[in-house]
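Take a look at the structure below.
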Amino acid sequence: MNGAGLRRLGLGLIPWIGAILLWYAVRWSGFVNVSLIPAPHQVAAKFFELLTKEGLLIDIFASTRRVFLGVALGILVAVPVGFLLGWYRPARTFADPMINFFRALPPIALIPLVIVYFGVDELAKLVILFYASFFSGVIVMYEGVSQITPLYIRVAQTLGANQAEIFRKVIIPLTVPHILTALRVALGVAWATLVASELIAAQRGLGAMIQNASTYFLLDVIYVGIICIGLIALIMDLILRKITARLLIWQDRAIA
Amino acid sequence: MTKRAQFDKVSLSFETPKGRLNVVEDVSYDINDGDFIAVIGPSGCGKTTMMSMLAGFQKPTTGKVLFDGRPVAGPGPERGVIFQEYGVFPWLTVKQNIAFGLTLKANHAATAERDAICDHYLDLMGLSDFANSYPKHLSGGMRQRLAIARAYAVKPQFLLMDEPFGALDAQTRSNMQNLLLKVLETEGKTVMLITHSVEEAIYLASRIVVVTARPARIKEIIDVPFTYPRDESIQERPEFAELRSHIRQLVMDEYRAQQAQMRPVSFSE
Ligand SMILES: Nc1ncnc2c1ncn2[C@@H]1O[C@H](COP(=O)(O)OP(=O)(O)OP(=O)(O)O)[C@@H](O)[C@H]1O
Ligand SMILES: [Mg+2]
């Protein structure tokens, strides 16, 4: 790592250190009942305990897999649907209110219905996560695709491109950035929806862990669960950002 | 001289919410092989619309637009278009942009030939140092040169240029004009150029079509008396100044006509 990289890492760490200090400060200030706020080091100790004795990794894996599958399926459908809606204006006027209606429904409100129709197994959780990723992804896709200017298509036509070539060589490259954005948005939403999806009788998973811990008032476990979700979401986002930067090297973006 | 393109009693009107808008009206003229036609007229009069009928993006309401004797059915690689907004593909490097047309079925070239063509235009347009850069790193003038190189690479017989140098500063603009003249000298093409600049029209064109305020009709077609190759010295010639003041007058009249058209009724008298 070079000097600039180290500096950036340092800058990125400062807010975290600040947050931990603030955490201790609130705990020691006496304004809040100390038993309601486990200290950072207690949470860290709990983390290692869960990791070594309780199979925290299994929970992490279960949750990550659900998010992954939900987002993958959601985006797989959202990309063509969003593309068509963005491309054909009439389709958009026709589908817009509907999509906004469904998007406005919080996935958690659907849980009772999902249980009725899909039971309480893995499928039910997947349905919730699919729902959340699809509707967030589809909007990003169609907003993006509808902003593609016809100029590049016209240019390609004047150079002799046929329909298939226009699609392959012009429309796809112009759509990739929107797919990546949709993926990022959907990932964020899916992690946010995870706990809700795992409310449905889940055995394992970070959401289930938090859920069970709350019944027994195990605050430190709840903290571990929340921090894990945040961290994994952050790591996934970072990876996706790296991939985006690599694929979209041509984009005119201010890179820090 | 063979006729490359013909406008034959061409009119075009758009259906708008406020009713029918006549944009081009009864326009007839021929463009011969080797001609350099400049079209000049007030803003919004219908110049781009006229050109896009020949490019194949729009169909005349009445009349015929012919290319090589056949009605224009759509865009095609024999009619290169240089758009005012450049339209270089941002996701491709400079070299990939130039090669784009050569990778298409319509004018496919083997890799070696493609490389040779790319190198030729990279060199000609002074873009060699940027062959592997993305357009985001190019200046406006370089993007314009790239757009021209890309259009040239597929060897169109005919070039349509819509205010290609309009957005450039004076120095770059004059460099681009000279470069265009130089390229035409070696590659000999037929050109239709839309411009707002009277000087540019006279300096580059063999014939100037002055069009009226909307709907665009032909006001006057003027033959430019200078022979090619040309250089900047012709701009000092008395004929140049005469021609300039004549065309300026025509354009000014149409500009006033357009202003009068746009003025709300309640304000006149
Ligand atoms: N698709 C369309 N539908 C309706 N009106 C249109 C359409 N395209 C162009 N127009 C109108 O036709 C008129 C002529 O447009 P055009 O772009 O041809 O003008 P122009 O001479 O190229 O102008 P400029 O010099 O500003 O580029 C304008 O008033 C424009 O609003
Ligand atoms: Mg125009």
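The number of residues in segment A:195-254 that are within 14 Å of chain B (Cβ to nearest Cβ) and charged (D, E, K, R) comes to 3.
Within the option set A:Ala91, A:Ala72, being modelled with pLDDT of 85 or more and either closer than 30 Å to A:Val140 by Cβ or assigned by TED's automatic domain parsing to the domain that holds A:Arg184 (or both) holds for one residue only, A:Ala72. Restricting attention to segment B:214-243, the residues that are within 13 Å of B:Glu200 (Cα to Cα) and buried (at least 16 other Cβ atoms within 10 Å of the Cβ) add up to 4. Residues that are of a type in the set (S, T, N, Q) and either within 16 Å of ligand 2 (Cβ to nearest atom) or in contact (Cβ under 8 Å) with a residue 60 or more places away in the chain (or both) are absent from segment B:216-239. Being more than 16 Å from ligand 2 (Cβ to nearest atom) and out of contact with any His (no Cβ under 9 Å at 6 or more places or on another chain) is not true of B:Ile82. Restricting attention to segment A:197-224 and to residues that are part of a helix (DSSP H, G or I), in contact (Cβ under 8 Å) with a residue 40 or more places away in the chain and open to solvent by less than 20 Å² (accessible area, probe 1.4 Å), the residue that is nearest to A:Tyr131 (Cα to Cα) turns out to be A:Ser197.
Only one of B:Phe165, B:Phe158, B:Phe83 is of a type outside the set (A, V, I, L, M), away from chain A (no Cβ under 14 Å) and in contact with an Asp or Glu (Cβ under 9 Å, 6 or more places away or on another chain); which?
So the residue among B:Phe165, B:Phe158, B:Phe83 that is of a type outside the set (A, V, I, L, M), away from chain A (no Cβ under 14 Å) and in contact with an Asp or Glu (Cβ under 9 Å, 6 or more places away or on another chain) is B:Phe165.
Quick one: would you say A:Glu143 is facing chain B (nearest Cβ under 9 Å), surrounded by fewer than 20 Cβ atoms within 10 Å (Cβ to Cβ) and acidic (Asp, Glu)? Criteria not met by A:Glu143. Name the pairs whose Cβ atoms lie under 9 Å apart, with the first residue in segment A:1-29 and of a type in the set (Lys, Arg), the second open to solvent by 100 Å² or more (accessible area, probe 1.4 Å), and 6 or more positions between them or separate chains? Sorted first by the residue in segment A:1-29, then by its partner, the pairs are A:Arg8/A:Ala256.
Being more than 9 Å from every other protein chain (Cβ to nearest Cβ), without any contact (Cβ under 8 Å) to a residue 12 or more places away in the chain and in contact with a helix residue (DSSP H, G or I) (Cβ under 7 Å, 6 or more places away or on another chain) holds for only one residue in B:Ser133, B:Ser128, and it is B:Ser128.
Among the residues here, A:Tyr152 does not qualify as closer than 30 Å to A:Arg66 by Cβ and either of a type in the set (Ser, Thr, Tyr) or open to solvent by 30 Å² or more (accessible area, probe 1.4 Å) (or both).
The one condition from (1) surrounded by fewer than 19 Cβ atoms within 10 Å (Cβ to Cβ); (2) more than 16 Å from ligand 1 (Cβ to nearest atom) that B:Ala149 does not meet is (1). Residues of segment B:42-80 that are within 14 Å of chain A (Cβ to nearest Cβ), of a type in the set (A, V, I, L, M) and closer than 30 Å to B:Ala260 by Cβ: B:Met51, B:Met53, B:Leu54. Evaluation of B:Val198 against the conditions (1) more than 16 Å from ligand 1 (Cβ to nearest atom); (2) closer than 21 Å to B:Glu232 by Cβ; (3) in contact with a Lys or Arg (Cβ under 9 Å, 6 or more places away or on another chain) shows that the sole unmet condition is (1).
Can you confirm whether A:Leu174 is within 11 Å of chain B (Cβ to nearest Cβ), open to solvent by less than 40 Å² (accessible area, probe 1.4 Å) and under 19 Å from B:Leu146 (Cα atoms)? It is false that A:Leu174 is within 11 Å of chain B (Cβ to nearest Cβ), open to solvent by less than 40 Å² (accessible area, probe 1.4 Å) and under 19 Å from B:Leu146 (Cα atoms). Comparison of B:Phe36, B:Phe14 shows that the only residue that is more than 16 Å from ligand 2 (Cβ to nearest atom) and of a type in the set (A, V, I, L, M, F, W, C) is B:Phe36. How do the pairs read when you match residues in segment A:162-179 that are assigned by TED's automatic domain parsing to the domain that holds A:Pro150 with residues anywhere that are among the hydroxyl-bearing types (Ser, Thr, Tyr), using Cβ under 8 Å and keeping only pairs 6 or more apart or on different chains? Final answer for the pair search is A:Lys169/B:Thr103; A:Val170/A:Tyr152; A:Leu174/A:Tyr152; A:Pro177/A:Thr244. In segment B:98-115 there is no residue that is within 16 Å of ligand 2 (Cβ to nearest atom) and out of contact with any helix residue (DSSP H, G or I) (no Cβ under 8 Å at 6 or more places or on another chain).
The values are calculated or read from the model by the stated rules, or taken from the named source; none is laboratory data. This structure is a prediction, so every number in the text was calculated from the model and none was measured. Here Cβ is always computed from backbone atoms with ideal geometry, including for glycine, and neighbour counts include all displayed protein chains. The protein model used for the area step is the full one, side chains on, heavy atoms only, and it has no ligands, DNA or RNA in it. Shrake-Rupley method; radii C 1.70, N 1.55, O 1.52, S 1.80 Å.
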